[in-house]
Amino acid sequence: MTINLGNISDGPRDAGAPVLDIERLKVTFATDAGDVHAVKDVSLDVKAGEVLAIVGESGSGKTVTAKTILGLLPETATSSGTVLIKGNNVISVSPATLRKIRGRDVAMVFQEPSTALNPVFTVGWQIAEGIRAHAVDGHRISAKEAKARATEALRKVGIPDPEIRVNYYPHQLSGGQKQRVVIAAALALNPGLIVADEPTTALDVTVQAEILQLLRDLRDKYGTSIVLITHNMGVVADLADRVVVMYQGDVVEEASARTLFAEPKQDYTKKLLAAVPHLGRDSASEGATARLHQGGKVLVEAKDLTIEFPGRLGTPGFKAVNGVSFTVSENEVFGLVGESGSGKSTIGRAIAGLNRVTGGSLKVFGYEMLGFKERSFKPLRKDIGFVFQDPAASFNPHLTVGECIAEPLLIHTHPSPEQARLRVSQLLESVQLPASYAARYPHELSGGQRQRASLARSLALNPRLLIADEPTSALDVSVQAKVLELFRDIQEEYGFAALFISHDLAVVDMLSHWVGVLFKGRLVEQGIGSQIMGAPSQDYTKRLIASLPVPDPEEQALRREAHRALLGT
């Protein structure tokens, strides 16, 4: 699908001088524990109409570099070097000049649109605010004119019915639509450079494909330069012209996208690329037969499962899950994939007794969940582990990591303090974390470490069934690879069944024996993972798989054309 961008400018920009030129950039943060050198000596440039991807793990300095471009560093940061945008050094210009540069010459698309947008103002007002703030030469723009331009900006990024949705509040839009609004706000003043910080991290593969197509159209049709900050190497292969690899504040490698993926020179780059899951490689179900799914003891059985949420103020209810049937057998990893709103997490929470079943049948360990009573179901809870998508939100920030992990033990088995400490140490060791981390608080751990601790907590009671809801969606590729390898090893060691919920098809293919595909609350297809991913029978599954970018620029170019053909049909 090609999105109509309208007349953003008169044509492609001059491809001569760089739009962005960074020389010898250093950024240091002052902390209680001493100075932290986040960016050590970075030099790079971006030409007109070029997409430069900056990649690396968390802590590599890529986001700090991006924020320096817009002068968004906190007061605790000290920076030196040169960051030139249209002849202005962002590091040394006055605050008034910096305000003019932002939005007009360079704009930023933030990683999380839910926090970038103000919940108490309409999206149209927020876009219009930037337009009015940057009125040229003192020319006042009326509220009516600003709203009209905001509506046009929403139309350019493919928001349906922009005349109506310009009056929507952020919570009334989906995640993909909110990300489009953030991009519309960045485009409103036609900047020469857009800095996109993880713009597709939390998006479904189909929405991600649309956002990438939008950014590609900006580059190809109007010469807009883009600095892309991401840990998704598939996105890099799909969009980037040139790639800069950062590690611990330094640039370790720079090359064209095709050269970097085909012939990486540095060991760190090779490790980064080797950690990326690739659809069809290292599939958990390769060579498997249906007997694996059908032969074991059934732990979860759904027949025509329906879950409906009641409407409010006279509005009809919403069927999140509609007539779904499947089984999960012992020792099996059942992968559940689909877009946001398809009902994946709703089913997972219903199995754990966190959502009410309203129709059909759902049996967990033989217990009927339709009309279940908490008192009778509680003894079965100890046999279910749950790994939540965001461990930072699921951990109590007032408790240490050890106390969070021990909580299920204290509720269900009432061990002595010494027994609890010993079990927590064993669990931390099983997820490859030092026992000393039990004394730390959740905010003192990195994202990957928190996810390991979350996995340890889910294993505290040796569950027969583990439900993992998007456990690796926000992790760096190298950290994700370690967590996935750990998940696979622990599943084989403990032999628990697992419902693995994700929108990352490559991750599901790597872990799951059996895969179910959800679309708008209905299970449209299920089968052996390698067969579903390799030869899907349903058009929706084909579109879903075709939307997934792979870490190979040449292969991805072919997949992109195939995806366009599928959308055309």
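A short reminder: the numbers here are calculations on the coordinates, not readings from a lab. Predicted, not measured: the structure shown is a model, and the values here were computed from it. FYI the Cβ positions are ideal-geometry reconstructions off the backbone, even for glycines, and counts take in every protein chain you see.
Estimated at 0.36 nm per residue, the fully extended path between residue 356 and residue 304 surpasses their Cα-Cα distance by 17.3 nm. Restriction of the trypsin sites (Lys or Arg not before Pro) in the range 93-193 to DSSP coil positions whose beta-carbon has at most 15 other beta-carbons within 10 angstrom yields 140. Would you please state which residues of the range 374-388 a label at residue 394 would reach in this model, taking the label point 7 Å out along Cα→Cβ and a backbone N cut-off of under 16 Å? Under cut-off, by backbone N: 381-388.
DSSP finds beta bridges in the chain, and of those with both partners inside it, around 55 percent are antiparallel.
Size check on the range 113-190: the Cα extents along the three principal axes, sorted descending, read 37, 23, 19 Å. Taking 18 Å as the straight-line reach from the Cα of residue 178, the aspartates and glutamates in range (excluding those fewer than 8 positions away in the same chain) are 112, 129, 152, 161, 163, 197, 198, 204, 210, 339. Taking 0.36 nm per residue of separation and subtracting the current Cα-Cα distance, fully stretching the chain between residue 313 and residue 418 would add 32.5 nm. From a point 7 Å beyond the Cα of residue 522 in the direction of its Cβ, which residues of the range 539-569 have a backbone N at a distance under 14 Å? Once the point is set 7 Å along Cα→Cβ of residue 522, 539-541 turn out to lie under 14 Å by backbone N, inside the range 539-569.
A Förster radius of 25 Å, combined with the Cβ-Cβ distance separating residue 271 from residue 564, puts the computed FRET efficiency at roughly 0.15. Its convex hull of Cα atoms gives the range 401-459 a direction-averaged projected area, equal to a quarter of the hull surface, of 3.5 nm².
With K and R counted +1 and D and E -1, the other residues having a Cβ less than 11 Å from that of residue 277 yield a net charge of -3.
Which GluC sites (Glu not before Pro) in the range 316-412 pass both tests, a DSSP loop state and at most 16 other beta-carbon atoms within 10 Å?
330
Using the Cβ-Cβ distance between residue 365 and residue 93 with R0 set to 60 Å, the FRET efficiency works out to roughly 0.40. Where does the Debye-calculated log10 I(q)/I(0) of the range 482-540 sit at q = 0.13, 0.17 Å⁻¹, using only Cα point scatterers of equal weight, no solvent? Listed by q, the Debye log ratios stand at -0.37, -0.60. Between residue 297 and residue 32, the simple spin-label model (points 7 angstrom out along Cα→Cβ) gives 5.1 nm. Of the GluC sites (Glu not before Pro) found in the range 36-142, those that fall in a DSSP loop while having at most 14 other beta-carbon atoms within 10 Å are 75.
Do the sum for the chain: with -39,500 (n - 2.57) for every DSSP H run of n ≥ 4, divided by all residues, what is the mean residue ellipticity at 222 nm, to the nearest 500 deg cm²/dmol? Helices in the chain give a 222 nm mean residue ellipticity of -11500 deg cm²/dmol. The spacing between the range 34-56 and the range 428-470, judged by their C-alpha centroids, is 33 Å.
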